[in-house]
Amino acid sequence: MEKKSKRSVSLMMMMFLFFIVISADFQGCFSAASQTPIKGESSTPANDRVGSSVFFRVTGNVYPTGYYSVILNIGNPPKAFDFDIDTGSDLTWVQCDAPCKGCTKPRDKLYKPKNNLVPCSNSLCQAVSTGENYHCDAPDDQCDYEIEYADLGSSIGVLLSDSFPLRLSNGTLLQPKMAFGCGYDQKHLGPHPPPDTAGILGLGRGKVSILSQLRTLGITQNVVGHCFSRARGGFLFFGDHLFPSSGITWTPMLRSSSDTLYSSGPAELLFGGKPTGIKGLQLIFDSGSSYTYFNAQVYQSILNLVRKDLAGKPLKDAPEEKELAVCWKTAKPIKSILDIKSYFKPLTISFMNAKNVQLQLAPEDYLIITDGNVCLGILNGSEQHLGNFNVIGDIFMQDRVVIYDNEKQQIGWFPANCDRLPQS
């Protein structure tokens, strides 16, 4: 198996959450505002808050870092933790001083519980531990969870609640109390070390997601957006105030009562502006994946198209390059995408459920420049136990604002300079 980035893919399968981890740094805000009690059921929205947004700075890149990360403050007084940003899973969890097995952070960087267990009778516990995984012998028993990753990693922990200091774009300071996981047993069985972050920020469509909890508390709309810079960094936001009212390309989410993934389709793939015969694709937008994954048949078709088009051009296979599965080299070391961009054609994902809805991908949107070589940032998902899933990862979403609008059940994007922070 080829060497992978530090992140894998996030998908809910077989009663577990399966991820490709990405990370991003959360910039939480301090607040002396009163805490809102955690609720398992919906509460009446506060109309003066639900139209606002929360903004965070992001650090990281697809290569060489392999993930984006964000800093989020938890507790009162607040303590900062860095998280992988993952729209492919629901539960937010942090490494736990309980004590902690397999944790990557020193003890003073772990979260220490303080009699703030979420009882198993709470509906959020049922949301994170469904089916045979849900056990509640007594209403006040603790809520346990277990998460398994596609890269063979896992986390076992307990559901807690604590305040999350946030500053809204309208200037309001809040400390909403929300549920999250405290992971006390982490395993990392993959060939590469995990990202150097304290946990995962789950931003999926499920009830336990931070987004859903903020909407239930009447703080923001159930909308999340991110802008990941190709160079480094970017930003993340909750709510609908940080994107324009026009100029966004939208595609409907596929609706399923049991699906918490951000999926859309069917879609057709174009290469160099021409049809490839690849149609009917259902696609998952997953910020928890550094690279893009297609099922074996689609992946092989794309690889064949690229290789056929490179025939006669001054690029040769570079099997000695171990960063990714398929790489090329030239007579001289490749220093920039500009050195080889003209040898590659653009890709286009054309969504068939709406007119003129396309995700256009220049060569720099699917290629990675390593130490002197160029590699294909599209991987075979079947080799990662993804079956027929097709996952759009960060490499396809660079230098775009990508919006997951759960209120209107749609996914949108527009080009942006992600090195520039938006004006609230």
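The values are calculated or read from the model by the stated rules, or taken from the named source; none is laboratory data. All values derive from a computational prediction rather than experimental measurement. Positions of Cβ are backbone-derived with ideal geometry, glycine not excepted, and every protein chain shown enters the neighbour counts. Note: areas computed on protein heavy atoms with side chains; ligands, DNA, RNA excluded. Shrake-Rupley method; radii C 1.70, N 1.55, O 1.52, S 1.80 Å.
Suppose we keep only residues that are hydrophobic (A, V, I, L, M, F, W, C) and in a strand (DSSP E or B) within segment 407-424. Which one would you say is most open to solvent (accessible area, probe 1.4 Å)?
First, the residues of segment 407-424 that are hydrophobic (A, V, I, L, M, F, W, C): 411, 413-414, 416, 418, 421.
Now restrict to residues that are in a strand (DSSP E or B): 411, 413-414.
Numbers: 411: 0, 413: 14, 414: 36 Å².
The selected residue is 414.
On inspection, residue 214 passes the criterion of being of a type in the set (A, V, I, L, M, F, W, C) and under 19 Å from the mean Cα position of the chain (by Cα). Sub-8 Å Cβ pairs linking a first residue in segment 164-188 that is closer than 21 Å to residue 198 by Cβ to a second residue that is open to solvent by 10 Å² or more (accessible area, probe 1.4 Å) and of a type in the set (Lys, Arg), at least 6 apart or interchain, are 164/177; 184/101; 185/101; 186/101, ordered by first then second residue. Here's a check for you: in segment 169-192, which residue that is small (Gly, Ala, Ser) and outside any strand (DSSP E or B) is farthest from the chain's Cα centre (by Cα)? By that ranking, first place goes to 171. In the set (1) at pLDDT 95 or above; (2) open to solvent by 10 Å² or more (accessible area, probe 1.4 Å); (3) in contact with a Ser or Thr (Cβ under 9 Å, 6 or more places away or on another chain), the condition left unmet by residue 178 is number (2). Here segment 134-167 is the region considered, the condition is being open to solvent by 10 Å² or more (accessible area, probe 1.4 Å), small (Gly, Ala, Ser) and in contact with a strand residue (DSSP E or B) (Cβ under 7 Å, 6 or more places away or on another chain), and the residue that is modelled with the highest pLDDT is 161.
Conditions tested, residue by residue: (1) basic (Lys, Arg); (2) in contact (Cβ under 8 Å) with a residue 40 or more places away in the chain; (3) assigned to a strand (DSSP E or B); (4) surrounded by fewer than 24 Cβ atoms within 10 Å (Cβ to Cβ).
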| residue | (1), (2), (3), (4) |
| --- | --- |
| 207 | yes, yes, no, yes |
| 226 | no, yes, yes, no |
| 230 | yes, yes, no, yes |
| 240 | no, yes, no, yes |
| 297 | no, no, no, yes |
| 302 | no, yes, no, yes |
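Considering (1) farther than 30 Å from residue 256 by Cβ; (2) at pLDDT 95 or above, the lone condition that residue 323 does not fulfil carries the number (2). Under 6 Å between Cβ atoms, at least 6 apart or on separate chains: pull out the pairs that start in segment 345-366 with a residue that is without any contact (Cβ under 8 Å) to a residue 24 or more places away in the chain and end on any residue that is part of a strand (DSSP E or B). Going by the 6 Å Cβ cut-off, the qualifying pairs are 360/348. Here the condition is being in contact with a Leu (Cβ under 6 Å, 6 or more places away or on another chain) and either farther than 24 Å from residue 351 by Cα or not aromatic (Phe, Trp, Tyr) (or both); of 278, 200, 219, it holds for 278 alone.
Suppose the filter is of a type in the set (Phe, Trp, Tyr), outside any helix (DSSP H, G or I) and closer than 17 Å to residue 199 by Cβ; does residue 55 pass it? Write out each step before concluding.
Values: of a type in the set (Phe, Trp, Tyr): yes; outside any helix (DSSP H, G or I): yes; closer than 17 Å to residue 199 by Cβ: no.
Taking the combined requirement at face value, the residue does not satisfy it.
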